[in-house]
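Working notes, beginning with the structure itself.
The values are calculated or read from the model by the stated rules, or taken from the named source; none is laboratory data. In this text the structure is predicted, and so the values were computed from the model without any measurement. A quick note on method: Cβ atoms are made from the backbone with ideal geometry, for glycine too, and the neighbour counts reach across all protein chains shown.
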Ligand code: B12
């Protein structure tokens with residue numbers, strides 16, 4: 001039996017190899033990717049956030065944890081992706097300018113992909129111009145913006161303004177998320193949807209597309 005507490009510990013201690021090893025065992029034993037991600041991996045990152053806040057962990061520790069998390073996520077991602085013949089909508093996703101956090105954004109992207117959306121991932125540090133260009137180029141139905149810093153979340157408003165200035169506001173729905181973002185902020189800046197987790201992000205995205213749950 002896979003002891004998934006080892007996965008939690010591997011994320012906290014930034015141990016890539018043991019994170020990958022235990023994830024492989026868990027997959028072979030039939031654990032669902034959602035259970036592995038939500039109950040162990042995200043919990044590990046949350047613990048690191050707390051330690052960082054308390055001055056008990058530092059940026060190199062966070063980087064090691066993020067690396068371990070990514071290693072496990074890479075193994076789980078194919079299991080999240082369903083076999084959809086035709087997409088239910090097109091999503092452009094990115095972390096906003098000035099912000100390099102991408103774990104949560106990638107989780108949201110993978111879940112959306114797994115639930116039938118085509119996802120164009122613009123990466124991190126994405127400018128409003130890039131978002132606008134991508135919406136035009138891909139004829140996206142939804143933009144998903146992520147921010148993890150209280151300073152960078154403000155940039156989401158600039159992206160929404162740029163979308164409006166480009167005459168695209170009627171064409172594309174806007175979803176926002178990331179640890180410091182909440183419903184009140186989302187409403188204030190004129191976003192159409194918000195979620196504080198990847199599972200619910202899919203529910204909201206489907207609602208915005210007018211698809212029954
Ligand atoms: C890992 C991490 C890092 C890593 C990032 C590695 C990577 N590849 O992502 C590194 C080391 C690079 C880093 C750097 C920094 N970090 Co940092 N980091 C974190 C940490 C510990 C975890 C973030 C994480 O991955 N969480 C796990 C994921 C799964 O959760 P999530 O991102 O919230 O995403 C979920 C939801 O929010 C939602 N969601 C996310 N995006 C979206 C988008 C949409 C559209 C939707 C619908 C939903 C959604 O769904 C996701 C899945 O459930 C957080 C602490 C925390 N508690 O958040 C600090 C934290 C965000 N970092 C912080 C800081 C200060 C920094 C630095 C400034 C540190 C420094 N002095 O250099 C730099 C900034 C670099 C930059 N320019 O971006 C602070 C921010 C404080 C603030 N109020 O702004 C935090 C909160 C730590 C703290 N407690 O002080 N960090």
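Examine the range 179-191 for a residue that is modelled with pLDDT under 95 and more than 14 Å from residue 105 (Cα to Cα), and state whether such a residue exists. The answer is no, given that none of the residues of the range 179-191 is modelled with pLDDT under 95 and more than 14 Å from residue 105 (Cα to Cα).
Taken over the range 11-55, the criterion of being over 22 Å from residue 179 (Cβ atoms) and in contact with a helix residue (DSSP H, G or I) (Cβ under 7 Å, 6 or more places away or on another chain) is satisfied by 15, 16, 18, 20, 22, 23, 24, 26, 27. Could you give every pair whose Cβ atoms fall below 7 Å, whose first residue belongs to the range 121-139 and is in contact (Cβ under 8 Å) with a residue 12 or more places away in the chain and on the phi < 0 side of the Ramachandran plot, and whose second residue is assigned to a helix (DSSP H, G or I) and within 12 Å of the ligand (Cβ to nearest atom), counting only separations of at least 6 or pairs across chains? That search, which allows pairs on different chains as well, returns 121/109; 128/159; 131/159.
Can you find a residue in the range 168-175 that is surrounded by fewer than 18 Cβ atoms within 10 Å (Cβ to Cβ), under 27 Å from residue 74 (Cα atoms) and either touching a residue at least 12 places away in the same chain (Cβ under 8 Å) or within 8 Å of the ligand (Cβ to nearest atom) (or both)? The answer is no; no qualifying residue exists. Restricting the search to helices (runs of 4 or more DSSP H) fully inside the range 35-152 and requiring at least 1 residues that are within 10 Å of the ligand (Cβ to nearest atom) gives 42-53, 59-80, 103-114.
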